[in-house]
Each structure stands twice: as structure tokens, then as C-alpha cells.
1. Counting only residues that are touching a Pro at 6+ places or on another chain (Cβ under 8 Å), assigned to a loop (DSSP other than H, G, I, E, B) and of a type outside the set (Ser, Thr, Tyr), how many does the range B:156-189 have?
2. Out of the range B:13-29, which residues are at the interface with chain A (Cβ under 8 Å from one of its Cβ atoms) and either exposed (fewer than 15 other Cβ atoms within 10 Å of the Cβ) or within 30 Å of residue B:188 (Cβ to Cβ) (or both)?
3. Please specify each residue of the range B:139-155 satisfying the condition of being more than 22 Å from residue B:116 (Cβ to Cβ) and either touching a Pro at 6+ places or on another chain (Cβ under 7 Å) or surrounded by fewer than 20 Cβ atoms within 10 Å (Cβ to Cβ) (or both).
4. Looking only at the range B:25-48, count how many residues are among the hydroxyl-bearing types (Ser, Thr, Tyr) and at pLDDT 95 or above.
5. Determine if the range A:23-31 includes at least one residue that is more than 22 Å from residue A:213 (Cα to Cα) and in a loop (DSSP other than H, G, I, E, B).
6. What are the residues in the range B:122-146 that are over 24 Å from residue A:11 (Cα atoms) and either touching a His at 6+ places or on another chain (Cβ under 7 Å) or within 7 Å of chain A (Cβ to nearest Cβ) (or both), if any?
7. Checking residue A:53 against (1) closer than 20 Å to residue B:21 by Cα; (2) modelled with pLDDT of 95 or more, only one condition comes out false. Which one?
8. Pick from B:196, B:202: which is modelled with pLDDT of 95 or more, touching a helix residue (DSSP H, G or I) at 6+ places or on another chain (Cβ under 9 Å) and not hydroxyl-bearing (Ser, Thr, Tyr)?
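The values are calculated or read from the model by the stated rules, or taken from the named source; none is laboratory data. These numbers were taken from a predicted model, which means no experiment stands behind them. Positions of Cβ are backbone-derived with ideal geometry, glycine not excepted, and every protein chain shown enters the neighbour counts.
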Protein chains: 2
Amino acid sequence: LNERDIINLFSRSTGAKCRQLVQGIGDDCAVIRASGDRLWLVTMDTLMESIHFDSAWHPPDSLGRKSVAVNVSDIAAMGGRPAFAFLSLGLPQSFTPEWLDLFSRGLTEACRQYGCCLAGGDTVRSAGGIVITLTVIGEVASKQILYRRNARPGDDVWVSGTLGNAAAGLELCRRGKAGEKDAFPLVESHLSPAPRVDLASRLAASGMLHAMMDLSDGLATDLAHLCAQSNAGAVIYADLLPVSGLLQETARAMGIDGRRWALTGGEDYELLFTAPARNRKKIIGLAEEGTLSRIGCIDEKSGVRLAEGKPGKESQPLKDISYLGYDHFQSDA
Amino acid sequence: LNERDIINLFSRSTGAKCRQLVQGIGDDCAVIRASGDRLWLVTMDTLMESIHFDSAWHPPDSLGRKSVAVNVSDIAAMGGRPAFAFLSLGLPQSFTPEWLDLFSRGLTEACRQYGCCLAGGDTVRSAGGIVITLTVIGEVASKQILYRRNARPGDDVWVSGTLGNAAAGLELCRRGKAGEKDAFPLVESHLSPAPRVDLASRLAASGMLHAMMDLSDGLATDLAHLCAQSNAGAVIYADLLPVSGLLQETARAMGIDGRRWALTGGEDYELLFTAPARNRKKIIGLAEEGTLSRIGCIDEKSGVRLAEGKPGKESQPLKDISYLGYDHFQSDA
């Protein structure tokens, strides 16, 4: 069973009829009809010690901020704003009051920054490591919401920021090189990512997009989800992938293919979206220069295919990279 | 640090201002203003392997039902009805598809029974044991909601059902006696508790109650919370505690004080509520005969005090039993 199989198992029967449910399992958030033209967005993400973070190098305040950020990113990815957060915290016998104090400071600081309030939760003893689950509830106007499923053939495929930074930062931490000169931006991308709440809201409000989601499992996997839900495919161009100079240098120094980080590295919490080609110029104008990159286009085939080169100059054959990357329940696909 | 200290740590700063938040940390659920006279109730509870359940004896379908039930009980305790459930499931490397299939059947069956739909969540790998976190969102009319904080001196203290059954059932499981003749009702109380959704809703709709909560941490602890939040105290009478004959027999056979199970045993998921004495007869009429028991009264002192005997015939001195029982973060108080 891989993660998709498990999700399908629970999706086969969702229990009761869902009168107010606009969107259930399958997008960044569940969508619930609130009142008038307001929708509620609900998301839930867990960070497990030894799986998602290593306490040896993850400062507790960064971890507190990250646990909020990864959920807020899901709300942002549908065009919404976070409003309420709920925390379930599992603590092993060995936890210290100092760790907890710093963790709670980071968490409440992030809640304040993103405009959501910690409204409840649960604290339990863990027989394993630290377990952090947050549920975040957000809001969005119904005319502003963006789903994964509405990408259309001919759409441009866009991403925000540069890709692979969090994967590079994780590798630096693993190799004990997090403290090295210049490593900070990459390491910080892993330790305390910054979801694109304002940018996502502006993009959604523009009415110029067809589909949006956040990049949490890596471009190859996340774009494959978006394509599958839109009954479409995508071609992306290797030369258009936004990769920072710092990532390239770091990869070279480690003897690693930096492009693999950009294509399959998870946890960037950047935005992935599609929009009609006619909106290109206006979309570029919605963000600071260099923030948004057009990396390919949606077509009527299926799967995500990588082209070497640039549009019009791509070399054949294309390589299918759908779902390439990390699955928590299987070794590398 | 005990569990209350940890909750206080997170309560000291809840992040952003909470415009729509009617009730934050401190009751069975967070309460959010929805539209008109409707309120939303949000609760989140975690079941950890080796802490809250033992996979050696807990059938996966019962565990799936229980993970829904413990959350639904919080919604019911404020007078509401569950509507949506969100599941975060942490699975160790060793999980089997058979376990997962049964667990998901139990979970979706309980969702259907209680009228909530599974609308989203997260599935992750666990480096420790199985971790099950559910968030349940429910609804209640604003004039029907019941908080913990409104108990008043002179109120009767009531409970539903019989107390201590889940603690007795747990002890039977621990001693390998779960399969014994007649053990079933007690064991089932531990493995798959049945929250009082309909009864709670009827009690809340009657308008005759002042305060309500569910019994999850044991009467001595839960009533102490209710009293502290109401700036009041309570006396309960040993002879009025509803204890089943089966529990008494089981305790006797094990050489255990069955009353300790009734006073401090957790996870009964029965209702604890207070109401003015003038409503006694009408309240009795809201449930099947024998379901509701009046066990004491609220007064202007502080803490929960146990009286031997019956009202008017209690023997002095009273014993303070506030918070007696199980705290996940400390050994027995």
C-alpha cells in the first residue's frame, strides 16, 4: 500500500452524507459551505519525529513555526486565509520544559504572523517520539477559491520562488553542514518554510488562474496530482525550472544532481498553478520580479513529462516523471 | 509539568485576535460563530498506541469506532451534533493491510452512525507505534449550547449511565480476562465506548441544565474542572454513585476497590451535568429509567469533596478528591 492507496481506502466510504461539504478528500483542504458566499477550508498535517524532523538539529521554535506553516500553506493554496488552529501534541517521557517553551513560542508566533488563533487541541503522552498534528481552519470567498481539478489544456504551468531549497537544506542538516557559510537560506527553507499567503491570495483574487496547489511532496508528484484531478497532462521544461545559484553550488560541492532536488524534493511550500496563456503578462505583474516562473504547459495527454531544453527547442524523447520522488510508504518510486 | 501546566503554556498566548471565537481552550470543544444563531464546535483527540490502546487486544474495527466516539462525545457534551471528521493516521512500518482495512471500516461505520462525514486528513509514517488523531467539527444552536463554566451553587450534579465500566474493562484486558463469561459489557466500554449523542442533545434542548461536559478523565478530575471553571465546588455522595452490579462483582473477584474505578477511572464517555434542583423530576423524565443519577450538589466552596453515606446522613469529614486519578504526564496524584 502506498499513500494514495491508503487515502483511497478511506475515500471509498466517507461515512454520512455530507450536505454542506463542497470538496472532501483529494485537494489541499476540505471545503465546507459556511454562510452566504463564504467557504471554510479545513486542513490537517502531522509532523513526526524521526520521519519529518530530527530533534538533533531542528530548533524547537522553528519546529513550532513550521508546524503552523505547513498547514497555512494548504489554506493559502486554495486562495484562503487561515483563521483557527488546533494542536494535538504527543510528548515522550523525555521532553524538557525548555523544549516545550520554545516550541510553544514558535507556534504562537507563527499563528500571530499568519492571523490564526490557537483555539484548542489535545496534549498526550507519546510512547515513541514527538508527534505534532495541527488542524487549521481558514476562510475564502466562493468566487475566489481555486481547486486542483480545473487546469485546462493550453494553460501555462507556473511556480513561485525557487525549487528544491528545502531538500537541499535537509541534506545540509543531515551531513552536519547546516552551520556552514551561505548555507542559511537553504537550511531555513527546511527548518522554517514561509508559505505564500499574501501572494496566493492576490493570485486567487485576480480571477486569472484555473488551478492551484502548494508544493509539499515535490513538483513531479504534486503536478501529477493536479493533472490527474484535471484529467490532463503536462510538459515541463528543464531549462525553465527556477533553481537558485546557491542550490546549484551546494549540489555541485556535494556531487549531487541539483535538478533532482528541484523536481522531486518535498517541502518547498511554494505555489504551483495554471492559467490561460493570455494572462501571462498580468500574472507576472502580481508578484515581485523573479518570484513567478512559467515552467511548462498543460496538454491533453496524461502524466507529467520532462523536456530537456526550452519550449520549441525541446529534445525528444520526453521523460515521464509523474509521482517521482518521496512516498512515505514506499521506497523511491 | 502536568497536563494542565502544558495547556496553560499554550493558552498564555493564542496567537492572533479571534474575532469569531466564542470559546477557546478550556472546554470540551472550541466554539466558533457560524451564521445566524448557529455555532460550530471543534474538538481534537489523539489515541496513541501503548498509551491509550494496546494493539495486542484492541480489535482494529473497535479502535476505529472508538477514535470517532471519543471526539463525538466532546461535541455531544456541549449539546451539539457532529458533522465532519478529519483523520491524521500515523502508521509504523509493520502495519498490515488487514489491520488498516478493519480500522477504516470501524471508523467509517462510526462516522455513519453519528452522522458525520470523513472529509479529509493526513496519512504519515510513524517511527513509533500507531497514532490516531481525529478532529471533529459539529454544530449547535446558540441557545442550546452548554458550557462547563455555568454551574451554580445549589445545582444538582448528575451523571448518565454507570461509572467505572471502561476502567474495569481495561483491567480485564490487561489481565487477559477479556474473554471471560459476563466480561463483555465492561470490556466493550473500554474497546468501543458509546457516546450519549441523543441524550445530550435532548438534555441541552430542554433548557433545564446549567453546565455539561463528558466524563473522559474520571469523575474526580472532570468534576474538578467543571467546578474550577464555574468558580464553585461540589459535594458528591458515595452511596449515590451509579455502579453496575457487574463492576462490583468484577472488582470483588480481583480484590480491587470498585469505587476507585467509578471515581477516578477514565474513558466512560458518560455525561456529567448540573441543573437547578427544581428541574429534578422533569430531567429524570428525559431519559430511560435508571439512565440518569443525581450524585451530589454544587456549593460555594472549592474543590470536589466526597461524602460517605447519603445526603443528610453524610459522615464527616469529607475527603477532597479533586483531580484524583490519571494524568498522562504524572504518576497517580
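1. Residues flagged as touching a Pro at 6+ places or on another chain (Cβ under 8 Å), assigned to a loop (DSSP other than H, G, I, E, B) and of a type outside the set (Ser, Thr, Tyr) within the range B:156-189 amount to 2.
2. B:17, B:29
3. Result: B:143, B:149, B:150, B:152, B:153, B:154, B:155.
4. Just the residues of the range B:25-48 that are among the hydroxyl-bearing types (Ser, Thr, Tyr), to begin with: B:35, B:43, B:46.
Keeping just the survivors that are at pLDDT 95 or above gives B:43, B:46.
The qualifying residues number 2.
5. The answer is no; no qualifying residue exists.
6. Let us first name the residues in the range B:122-146 that are over 24 Å from residue A:11 (Cα atoms), namely B:127-128, B:140-146.
Within the range B:122-146, B:127, B:128 meet the criteria.
7. Of the numbered conditions (1) closer than 20 Å to residue B:21 by Cα; (2) modelled with pLDDT of 95 or more, the odd one out for residue A:53 is (1).
8. From the options B:196, B:202, the qualifying one is B:196.
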